[in-house]
Amino acid sequence: MKRFRAWALATTAATYFLIFVGGFVRVSGAGLGCPDWPKCFDRWIPPTSVSQLPRTVDPSTFNVTLAWIEYINRLIGVSIGILIFITTILALKHARRIPRIIYPTVAALVLVGIEGWQGSQVVSSKLEPFIVTIHMVLAFLIVSCLLYATLQAHRLVSGQTAPAPPETQGLKRWLAPLWGLSIVAIGLGTQVRSDIETLVKQFPGEPALTLLGALGAVHVWHLILGGLIVITTVYIGMKILAQRGRISTLSAKSTWVLMGVALIQVAFGIVLVSLALPPMLQVFHLWFSSLYIGALLVLHFSLNHHEGINHG
């Protein structure tokens, strides 16, 4: 089981890295750096000069930097797929009869296969916004499954099998709805980003803030859900921290992290609007959403299992 836990943890961390890379690929404009899939300009290794392009390719569509950014993103994605496959094999070997480990691990493997196929649809659709949104949401579902399995393996390895005290059980009833709302908000945020890209192409030279105001319901609902999530997070977090002496150290720490990430996301949102959507801040805004999802799962886990009560 220790071997599975190590692989699951490494695979989860690698998936978080891939989410960051995927966000960077998006804002760098490298999403179509390779206009075909799985090859890149009909080559298994991207061209490094115009002379290496197939005769059927318009040289004006080739950018060596963007092609290699997208190609490296694909290589990382394949590597993550291999890691998830190995993690699943280890789960079948060491945790075949443990549903809380085997189910999410197998689900992650199935989802990463769908994600690979869906990546081809992203390219063939020329970055159609809704398909891009599905692609990103799938990545968050995959990392959620992997982290959940990792936490369950940690519980078994460390021997933390006793349930948490009844007083803390009611504190976690809103965590699952928060997770669901967060996934929806992330999907809406990705849709907002994709819609802005489409508008930029249609109205070149138009200020980003003007385009943002033209998005309508998608942008409004993203703001509403984001605000609701932050307010609920802080409210629930303070309620949990008020149970000092009855919650574990991990519960307290993950609660602080959860509230901190939520408030940082508010700051990111304000700066994004104020500075006309700077690209790298968009990347961190997306990536911190994945950290929020992770902190939610860790908090839910820690409130479920007795793990060293915090008497501070």
Legend entry - Calculated P(r) tail over 32 Å for the chain, as whole % of Cα pairs: 34 percent
Inset, instruction - Calculate, in nm to one decimal, what Glu206 and Ile264 gain on full extension: separation in residues at 0.36 nm each, minus their alpha carbon distance. - result: 18.0 nm
Legend entry - Computed E for Lys93/Arg173 - FRET, C-beta separation, R0 45 angstrom, nearest 0.05: 0.80
Inset, instruction - Choose one answer from Ile72, Ile183, Ile84: the residue with the largest mean-square fluctuation in a GNM of the chain with alpha-carbon springs under 10 Å. - result: Ile72
Legend entry - Over 16 Å [Cα-Cα, the range 84-157], rounded percent: 50 percent
Inset, instruction - Any chance you could give the angle, 0 to 90 degrees and rounded to 10, that helix 217-241 forms with the longest Cα principal axis of the chain? - result: 20 degrees
Legend entry - Across the chain: Cys residues that no other cysteine approaches within a C-beta distance under 4.7 Å: Cys145
Inset, instruction - Using label points projected 7 Å from each Cα along Cα→Cβ, tell me how many nm separate Trp37 and Ala6, to one decimal. - result: 3.5 nm
Inset, instruction - For the chain, with a Gaussian network of springs between Cα atoms less than 10 Å apart, report the residue from Tyr235, Tyr71, Tyr292 with the top mean-square fluctuation. - result: Tyr235
Legend entry - Degrees, to the nearest 10: 279-304 long Cα axis against longest axis of the chain: 20 degrees
Legend entry - Residues listed by number, the range 259-286, amide nitrogen under 17 Å from Met238 label point at 7 Å toward C-beta: 259-264
Legend entry - Nearest-ten-degree value, helix 64-94 long axis tilted from longest Cα axis of the chain: 30 degrees
Legend entry - For the chain, built as a Gaussian network whose Cα springs stay under 10 Å, the top-fluctuating residue of Ile293, Ile270, Ile231: Ile270
Inset, instruction - Evaluate the charge dipole of the chain about its Cα centre and quote only its size in Debye, nearest 20, assuming +1 on the Cβ of each Lys and Arg and -1 on the Cβ of each Asp and Glu. - result: 1240 debye
Inset, instruction - Might you work out the accessible area of Ser158 for me, using a 1.4 Å probe with all protein chains in place, and round it to the nearest 10 Å²? - result: 50 Å²
Legend entry - Mean residue ellipticity (222 nm) of the chain, computed from DSSP H runs ≥ 4 via -39,500 (n - 2.57), nearest 500: -25500 deg cm²/dmol
Legend entry - Solvent-free Debye scattering, log10 I(q)/I(0), computed from the Cα coordinates of the range 1-143 at q = 0.08, 0.10, 0.13, 0.17 Å⁻¹: -0.26, -0.39, -0.61, -0.91
Inset, instruction - Over the chain, calculate the relative contact order: mean separation of alpha carbon pairs under 8 Å at least 6 apart, over the residue count, as a percent. - result: 22 percent
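Which shape class, rounded, prolate or oblate, goes with the range 74-228 when its Cα gyration tensor gives a ≥ b ≥ c as root eigenvalues, a/c under 1.5 marks rounded, and past that a/b bigger than b/c marks prolate?
Taking the square roots of the gyration eigenvalues as a ≥ b ≥ c, the range 74-228 is oblate.
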Inset, instruction - Please give the length that would be gained between Trp117 and Ala276 if that part of the chain were fully extended, namely 0.36 nm times their separation in residues minus their C-alpha to C-alpha distance (nm, one decimal). - result: 53.9 nm
Legend entry - Listed residue (Val123, Ile186, Ser290) projecting farthest to the positive dipole end of the chain, Cβ model: Ser290
Legend entry - Column: log10 I(q)/I(0), Debye, Cα scatterers of the range 163-312, q = 0.11 Å⁻¹: -0.48
Inset, instruction - About the Cα centre of the range 1-159, how large is the charge dipole given +1 on each Lys and Arg Cβ and -1 on each Asp and Glu Cβ? Please answer in debye to the nearest 20. - result: 900 debye
Inset, instruction - Compare the Cα positions of Leu92, Ser28, Gly81 along the charge dipole of the chain (+1 at Cβ of Lys, Arg; -1 at Cβ of Asp, Glu; about the Cα centre) and return the one farthest towards the positive end. - result: Leu92
Legend entry - Those lysines that a straight Cα-Cα span of less than 20 Å connects to Lys2, excepting residues fewer than 8 apart in one chain: Lys93
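The values are calculated or read from the model by the stated rules, or taken from the named source; none is laboratory data. On a predicted model such as this, the values are computed, not experimentally measured, just so you know. All Cβ positions, even for glycine, are placed from backbone atoms using ideal geometry, and neighbour counts span all protein chains on display. Each accessible area value is taken on the protein alone, full model and side chains, heavy atoms only, with ligands, DNA and RNA left out. Shrake-Rupley method; radii C 1.70, N 1.55, O 1.52, S 1.80 Å.
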